[in-house]
Structures are given as C-alpha cells and as structure tokens.
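Novice: Quick one: structure below, then a few questions.
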Amino acid sequence: MSTVLSQKHEQLLHDELGDTFDPNIHLNYTPPSALLTMGDLGLGANSTTPIAGSVPFPFLSEEGVCAYRRAMIQPEILSRCAQPYGTGTFILRNLAKHSRFIRDLWTHPETNRIISEVAGAPLTIIMSTEIGHTNIQSAGHTVDDLIRELKVEPRRAPANVVEYEDSDPLHDRPVIPWHYDSYPYVAVVMLSDTTHMIGGETLIKKGDGSAVKVEGPALGYCVVLQGGQVEHLAARASGTTERITTITSYRAAVDGIYDNSYISNVRPYSCLPDLYIEWISYRLEKMKAEIQNMQAKIARLPNSDSASIPLHEMCEFTDQQVAYLTRTVRQMVDPFLCADVRRRFDVRKVNSVGRTWAHIRTQAQFKDLLPAVMALTMEWKPFQLYIADWHYTQHMITSGLSSSICSQQGNFAWCRDRANDFLFGDELLRQGLKEVLLAWLDWSDLLCLDQTHGCGDKSG
Ligand SMILES: [Fe+2]
C-alpha cells in the first residue's frame, strides 16, 4: 500500500511515546467458533468467498487493547483525528497517519493473515485512511471533553441499565440503520469493556427479509463482516458510559475480482484532498495490475492463431475497466459542492438522504412538481454528468441488457416495465452520491416535501 506521509506526520510517528507493535505480545488470536455463510443467509454468492461474516473471536491481548488505546488517546492524536458525529458520538479518522503502533498493527503480515483466514479469502487493506476508523460513544460534547475523559484502562463502571432490559434491537432507534458498507470487507474490534453492555449487536438481513443477530464483540474481540454484500444494522448499545470500536476495511487481493468499493459513506466526514488522493491512487494501482494481467494473458496466446483471441473476454474486460474508472471519478464529488452541503446540513442528514428521497417520492405533490423540476435540472450544468448516467442506466433497464444493476445500495433488479419509475434521484442514490442528491433536492425545493425538514431550516 502506498502511504504518503508528510515530514510533519513522520515526525509525529517517530515521536510517539507509545508501544512498538509485536504480534506475540499484542495479538491473542483464536479462530471464530462459527462462521455465517452467504448460503446460510439465503443470499447469492457473487463474491470471492462464501463467508458472510464471523462470530466475535479473540483478537487483541489485554496488552494489545491498552497499547491501542494508549496510542489513540494522546491529545495531539485526538485533536488531529477526532470529530463529533452527532450527540455523544465521535469518529476518529486517519489514525494510521498519526500513530505508528496502529499503522504497524494493521499492516503487519500476521494481522493480515488472521483477517484473511477468517474471511476465507486473501484480503488487502483498502487504503491507509481506512485503517482504524474509530467510533466512540461518549458522554462528552467536544474533542476537549474526549481528551479529558478517555483513559488507557477501559472503563469498568456500568451505567444504570434497568430501563434498557427489554430493548429490541429491531425496533429501537439503531446507531446505524440498515445499510451496505462502502467497502467489501470490514474487521471490527472492540476496545471497551462490554460486561454490562446491552445491545450493540449487528443484525444481518437474510434473503427472505428476516434478520439474524450476531452478538457484538467483547473487549479485544473482533468480528469480520462482508459488509459490502450483506445489508446490516448496528443496534444501539446501552449500559455503558463508553463504547469504542475500531474498524479497518478490506478488499479481496485477488486478480480479476471486480472491486465493489465506494467512498459514499466516508466522504461526508472525510478530509477530501486526503481521501481523494488515496482513493484514486489505489484505484489506478488496482487497474494497472488488472491491465498487466491481461497483457500477460495476451502475450501467452499463440502468435498465428487469430481464432484463439478471446474477443468476448476482451470486451468484458474493457467494459469492466471503463465502469471501474467511471465509478472512481464519479465518487470524487466536487469538493465545493460537498463543502456547501456540509455547511448547510449535518452529516446525519447527508447520510440519511436515501430515506428522505423515499419519503419525498410518496408525497402527493411530487408527481406534479417533477416535470418542471427536471426541465430546469436538464439545463443546470453541475448535473449534466449525472443526467447522462441516468439516461444510460435507464437504457440498460429498458433494453434488458442488465438483469441486476450494480449499486451502492447493493445489487438490485429494476423491473423493465417500471423503467420510467427509475428517476434521477434513484440514479444519484444508485451511485451513492448523497451530497449531490441532497444538493439537488434542496436546489429544486423538492426537499420542502419532506415533512421532517422544514424549508428554510438548513441545519438538518
Ligand atoms: Fe456497516
């Protein structure tokens, strides 16, 4: 993985007063007692491995947990990496750039071997910025509160848990609603004491629409999930005053396997210049490897036998590379548009725009307003690119060329007879372009049809 570190960041890594990662001291791996397969869930297996996810398994030793927390809670690291994410929640990004221990832990060959073994496929980390994305549920409101509150030792004291005892994760307000991850695989590690924690499980949607519950990991335990292929929900945890999970995202390290990644979920809260540089670098690197493989394949063909040229395979290959490159650039949404959306809407509003769109579509006035809105949209320059994509997808549906459409919302089949119901907003959502969808809804005033969002109230 190519990591660009500025001199300042290198200095920070070297100055870190933390531990030096040693897999013999900091890891405590025992294989998971059970694995969930795509077949168990009644889902089609269209990926590298039949494994959909694991139950929690021991991963970090006690020393490993403390060293990880020690690396993370240093004031200079928290002040650089932490940001509030709604009430009582913080996220930490780019930890690997600032902490040598965390970078070395996740990039060590032994760690990679463990995660790959559990997933049932050789994996590689998506990019440096996706090492150790950390979610912290805490009582504090500001990063300074967080700096004061977090300690190396996980907090043991339970909160009052009585009122939560009958909680139902499917009906209580979840921390993260039903979704697919932006990346194919995740490894989630628990860094808090969960002895008195209630909830915090992951629910996975089966092919028949029912849900299966996977217990949340205990302190130092890890869960591996093929989150880009299985729809899941993170249930709210209670009974604890602190909950820290740290997550690293992966893709299959297998040539010829289409990489189904997006940056839709992380773009609304990431530093875009950093994210975009890492994103395009890894995408081009992956594409380069694919092209080199194809070159090698062609070089092995017998020289004089034109019948041996696999034209069908060549067409499929080039289509795939064009689609890959198109997705790569479409994911890099104009930073000015993103900045404007961030200024006016809170990150949760951006991330829930799919539900907002679904609600707006059901409103009585929507059908009356849409023709005029689309006429104006066709003329507005920033949307031209997406209009062309929308027409292409509609063509794929009506022509029957594609039975299922690749989407950030998972693959879905769109009935040919209902091609006209595939609207511009559906196309933006299909590509995971949440900021563009929200900007368009706001610009066109369709957002006013969402009763949860008063017009003129841009705070989200
Ligand atoms: Fe997820």
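Novice: Could you work out the relative contact order of segment 7-257? I mean the mean sequence separation of Cα pairs under 8 Å and 6+ apart, divided by the number of residues, in percent.
Specialist: Details: 547 pairs, mean separation 62.9, N = 251.
Averaging sequence separation for qualifying contacts and normalising by length gives 25 percent for segment 7-257.
Novice: Another question about this same structure. How would the chain be classified by its alpha-carbon gyration tensor: rounded, prolate or oblate, with rounded meaning a/c under 1.5 and the a/b versus b/c comparison settling the rest?
Specialist: oblate
Novice: Let me ask another. Nearest 0.05, what FRET efficiency do Leu325 and Glu215 give at R0 = 56 Å with Cβ-Cβ as r? Don't skip to the end; give the middle numbers.
Specialist: Values: r = 40 Å, r/R0 = 0.72.
With a Förster radius of 56 Å, E is 0.90.
Novice: While we're here: How high is the FRET efficiency from Asp208 to Thr20, r the C-beta distance, R0 41 Å, rounded to 0.05?
Specialist: Rounded to the nearest 0.05, the efficiency is 0.25.
Novice: Size of the dipole of the chain about the Cα centre, Lys and Arg at +1 and Asp and Glu at -1 on the beta carbon, nothing else charged, in debye to 20?
Specialist: That gives the chain a dipole magnitude of about 560 debye.
Novice: Of Ala299, Leu284, Cys315, whose Cα points farthest to the positive end of the dipole of segment 277-330 (charges on the beta-carbon: +1 Lys, Arg; -1 Asp, Glu; origin at the Cα centre)?
Specialist: Checking the options against the dipole of segment 277-330, the answer is Leu284.
Novice: Subtract the Cα-Cα distance of Thr89 and Ile387 from 0.36 nm times their separation in residues, and report this length gain in nm to one decimal.
Specialist: Working: separation 298, 0.36 × 298 = 107.28 nm, distance 3.64 nm.
Using 0.36 nm per residue and subtracting the Cα-Cα distance, I get 103.6 nm.
Novice: Also, quick follow-up: Could you give the length gained by full extension between Ala34 and Tyr269, i.e. 0.36 nm per residue of separation minus their alpha carbon distance, to one decimal place?
Specialist: Extra length from Ala34 to Tyr269 when fully extended: 81.2 nm.
Novice: How much FRET efficiency would the formula 1/(1 + (r/R0)^6) give for Asp255 and Asp417, where r is the Cβ-Cβ distance and R0 is 45 Å, rounded to 0.05?
Specialist: 0.70
Novice: In terms of the Cα gyration tensor, with a ≥ b ≥ c the square roots of its eigenvalues, is segment 277-330 rounded because a/c is under 1.5, prolate because a/b exceeds b/c, or oblate?
Specialist: Taking the square roots of the gyration eigenvalues as a ≥ b ≥ c, segment 277-330 is oblate.
Novice: Something else: In Å², and per residue, what accessible area does segment 277-330 have when probed at 1.4 Å with the other protein chains present?
Specialist: Roughly 65 Å² per residue, with all protein chains present.
Novice: Quick check: at a probe of 1.4 Å, how many percent of the accessible area of segment 277-330 sits on carbon and sulfur atoms?
Specialist: Heavy-atom surface of segment 277-330 belonging to carbon and sulfur, 1.4 Å probe: 62 percent.
Novice: Give me the number: length gained by fully extending Met314 to Arg355, i.e. 0.36 nm times residue separation minus the C-alpha to C-alpha distance, one decimal in nm.
Specialist: Additional length available on full extension: 10.8 nm.
Novice: Given an 8 Å cut-off on Cα distances and at least 6 residues of separation, report the relative contact order of the chain as a percent.
Specialist: On the way: 738 pairs, mean separation 66.8, N = 460.
This gives 15 percent for the chain.
Novice: Can you pull the one-decimal nm distance between simple spin-label points at Cys406 and Asn303, each 7 Å off the Cα toward Cβ?
Specialist: In this crude spin-label approximation the distance works out to 3.7 nm.
Novice: What are the ³J(HN,Hα) values, in whole Hz, obtained from phi via the Karplus relation 6.51 cos²θ - 1.76 cosθ + 1.60 with θ = phi - 60°, for each residue of segment 219-235 in sequence order, with x given for Gly and Pro?
Specialist: 3, x, 8, 10, 10, 9, 9, 8, x, x, 10, 10, 6, 9, 9, 9, 6
Novice: Ok, one more. Any idea which of Gly432, Ile204, Trp380 is furthest toward the positive side of the dipole for the chain, if Lys and Arg beta-carbons carry +1 and Asp and Glu beta-carbons -1?
Specialist: Trp380
Novice: Would you compute the Debye intensity of segment 333-453 from its alpha-carbon atoms alone, equal scatterers and no solvent, and pass along log10 I(q)/I(0) at q = 0.18, 0.19, 0.22 Å⁻¹ to two decimals?
Specialist: Values, matching the q order: -1.01, -1.12, -1.45.
The values are calculated or read from the model by the stated rules, or taken from the named source; none is laboratory data. Here the structure is a predicted model, which means the values were calculated and not measured. All Cβ positions, glycine included, derive from the backbone under ideal geometry; neighbour counts span all protein chains shown. The area values use the complete protein model at the heavy-atom level, side chains included, leaving out ligands, DNA and RNA. Shrake-Rupley method; radii C 1.70, N 1.55, O 1.52, S 1.80 Å.
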